[in-house]
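Worksheet: one structure, shown below.
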Amino acid sequence: MLEQLLTERELSKLLGRSVASLQKDRVAGRGVPFVKLGPRMVRYHSADVASYIAGLARFRSTSQVDDNERAA
């Protein structure tokens, strides 16, 4: 059985980001890996989405975010 693919709109809701920001990420070569099924149809494998989310930085407090921003 084939894996269910997520649409841009579904991924947008899942990540809490706009479709436009997902599109900008694709153009810049970052973000969630995607599959292009036609000239305009973009889809995302759920396994790629899970890997992307797992790879995001994790913070315990907002002060940790500030410390990491200073170090960068």
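What to note about this one:
- Restricting attention to the range 1-56, the residues that are touching a helix residue (DSSP H, G or I) at 6+ places or on another chain (Cβ under 7 Å), among the hydroxyl-bearing types (Ser, Thr, Tyr) and surrounded by 13 or more Cβ atoms within 10 Å (Cβ to Cβ) add up to 2.
- Listed by first and then second residue, the pairs linking a residue in the range 1-26 that is touching a residue at least 40 places away in the same chain (Cβ under 8 Å) to a residue that is exposed (fewer than 11 other Cβ atoms within 10 Å of the Cβ) and of a type outside the set (D, E, K, R), with Cβ atoms under 8 Å apart and 6 or more places separating them unless they lie on different chains, are 3/47.
Every read-out reported here was derived from the displayed coordinates using simple, explicitly stated rules and does not represent laboratory data. These numbers come from a predicted model, not from an experiment. Neighbour counts run over all protein chains shown; Cβ positions are idealised from the backbone, glycine included.
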